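The values are calculated or read from the model by the stated rules, or taken from the named source; none is laboratory data. Because the structure is predicted, anything quoted here is derived from the model rather than measured. As a convention, Cβ positions derive from the backbone with ideal geometry for all residues, glycine included, and neighbour counts pool all protein chains shown. The accessibility values were calculated without ligands, DNA or RNA, using every heavy atom of the protein model including side chains. Shrake-Rupley method; radii C 1.70, N 1.55, O 1.52, S 1.80 Å.
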Amino acid sequence: MLRLRRAYPPQPVLRGEIEMFAYVGGYTTPDRDGRGNGINVYRVDEVSGGWTHLQNIDGLENPSLFTLNRASTRLYSVHGGRKLISAFAIDRRTGALTLLNQVDCQGSNPVDSALDPTERYLVIANYGSGAVAVMPIDQDGRLLPVSQVIPLEGTPGPNPKEQASSHPHAVIFDPTGQFVIVPDKGFDRTFFFRFHDGVLTPTEQRHVDSAAGAAPRHTTFHPSLPVLYVNNELDSTVTVFDWTAGRATERQVVSTVPQGHAQGSTGGDAGPNTTAEIAASPSGRYLYVSNRGLDSIVQFVVTPGSGLLTYAGSVSSGGAKPRFFTLGPRGKHLYAANQDSDDITVFHVDQESGTLIPTGIQVSVGSPSAISFVTPP
């Protein structure tokens, strides 16, 4: 049973205030080593850095990654290790969430979702069952039963523990909204689909293969160049692809670990490492990736014109196992969700150099794995 709790009656944010609402999810159940308590809503002052707790939605199991609609009036959550997708309405004046409904994703362990450009469909990556699903959305934002499920095909990678079967770990649309990209950690393969009128169809290329044991995890596009970036979880690398009309061409593979440190989950003197999240700065000049094991956020400089990467350094994530991070709506701060130390660390982003500067602000929250921001109207 869901329980909605508020720290105090939410008040509307006045126009002109430099504030936003933060929605934080994470793992809650023992099978996922969870210490969270559902979704927590905060008011964030970007000037002072202060976080004020507004609301808790308890009774949710592992709300682990979010998708917002363009108007920031709807929030969709996957539930790690379960079979549900939840839809919420957002009151943009107060930040409050209201549950609309929950629907079975027709798979297991949904880990990511993406809205198509019409916002009539949600595409879901089902990690546990190795498939991609399409879920229609009603006019009021409520989820409808799954309309399509596509099992992914391939050969398991060499890591018997992490790659025993297909494990799609993310799903995003390309900038045109015509194509869907699905990195598959288990098959060392990134899949491409055309999306039209609620139906996924494999592209002519169908997929690209990565190095054996690389384990593609998450992906992002450069904000202005036709360049696709994929971070590989198990060998601690990032692959750079040129992207043209639904076709990817590999250009570069770069390491996320310092020179001299052994790549990959077997680790070196500093122990094992895997990558987790990836994001490009709004300017397109920098790319960031999180390392778990080294517990750091890595910065790359992006070459103008080509989108190729140069390793520029890293900074401690401020905690343990940064499963997720995100840049704020204005790109001035980076927020690292440290799953194992139960906190979010806030960094200032130097706009000239891209360097991450610790602010000293940390927010305590159990097993965080998702942060989304909404600015008031």
- Query: When the residues of the range 40-53 are filtered to those that are open to solvent by less than 30 Å² (accessible area, probe 1.4 Å) and at pLDDT 95 or above, which remaining residue is nearest to Asn109 (Cα to Cα)?
  - Reply: Asn40
- Message: It is to be established whether one or more residues within the range 102-114 are part of a loop (DSSP other than H, G, I, E, B), closer than 23 Å to Gly186 by Cα, open to solvent by less than 20 Å² (accessible area, probe 1.4 Å) and not basic (Lys, Arg).
- Response: yes
- Is there a residue in the range 192-215 that is closer than 11 Å to Asn232 by Cβ and charged (D, E, K, R)? no
- Residues (open to solvent by less than 20 Å² (accessible area, probe 1.4 Å) and either free of Cβ contacts under 8 Å to residues at least 12 places away in the same chain or among the polar types (S, T, N, Q) (or both)) located in the range 76-101: Ser77, Ser86, Thr94
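In contact with a strand residue (DSSP E or B) (Cβ under 9 Å, 6 or more places away or on another chain), part of a strand (DSSP E or B), among the charged types (D, E, K, R) and open to solvent by 10 Å² or more (accessible area, probe 1.4 Å) - does that describe any residue in the range 292-302? So that I can check it myself, show each step before the final result.
At the first step, the residues of the range 292-302 found to be in contact with a strand residue (DSSP E or B) (Cβ under 9 Å, 6 or more places away or on another chain) are 292-302.
Of the ones still in play, those that are also part of a strand (DSSP E or B) are 292, 296-302.
Then drop every residue that is not among the charged types (D, E, K, R), which leaves 292.
Restricting the remaining residues to those that are open to solvent by 10 Å² or more (accessible area, probe 1.4 Å) gives 292.
Among the residues of the range 292-302, at least one is in contact with a strand residue (DSSP E or B) (Cβ under 9 Å, 6 or more places away or on another chain), part of a strand (DSSP E or B), among the charged types (D, E, K, R) and open to solvent by 10 Å² or more (accessible area, probe 1.4 Å), which makes the answer yes.
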- Which is in contact (Cβ under 8 Å) with a residue 12 or more places away in the chain, open to solvent by less than 10 Å² (accessible area, probe 1.4 Å) and over 18 Å from the mean Cα position of the chain (by Cα), of Asn62, Asn37, Asn56? Asn56
- Task: Mind counting the residues in the range 229-245 that are surrounded by 24 or more Cβ atoms within 10 Å (Cβ to Cβ) and among the small types (Gly, Ala, Ser)?
- Result: 1
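Can you go through Gly366, Gly354 and tell me which one is farther than 30 Å from Leu97 by Cβ and either in contact (Cβ under 8 Å) with a residue 60 or more places away in the chain or among the hydrophobic types (A, V, I, L, M, F, W, C) (or both)? Outline the logic, then answer.
Working: Gly366 fails: farther than 30 Å from Leu97 by Cβ.
Of the residues listed, the single one that is farther than 30 Å from Leu97 by Cβ and either in contact (Cβ under 8 Å) with a residue 60 or more places away in the chain or among the hydrophobic types (A, V, I, L, M, F, W, C) (or both) is Gly354.
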- Determine which member of the set Thr201, Thr219 is open to solvent by 40 Å² or more (accessible area, probe 1.4 Å) and either part of a strand (DSSP E or B) or free of Cβ contacts under 8 Å to residues at least 12 places away in the same chain (or both). Thr201
- Selected residue (criterion: farthest from Val253 (Cα to Cα)) from residues of the range 180-237 that are of a type in the set (Ser, Thr, Tyr) and in contact with a Leu (Cβ under 7 Å, 6 or more places away or on another chain): Thr219
- Taking the range 181-198, which residues are more than 15 Å from the chain's Cα centre (by Cα) and open to solvent by less than 30 Å² (accessible area, probe 1.4 Å)? Gly186, Phe187, Asp188, Thr190, Phe191, Phe192, Phe193, Phe195, Gly198
- When residues of the range 138-180 are filtered for being aliphatic (A, V, I, L, M), in contact (Cβ under 8 Å) with a residue 40 or more places away in the chain and either open to solvent by 20 Å² or more (accessible area, probe 1.4 Å) or in a loop (DSSP other than H, G, I, E, B) (or both), how many remain? 7
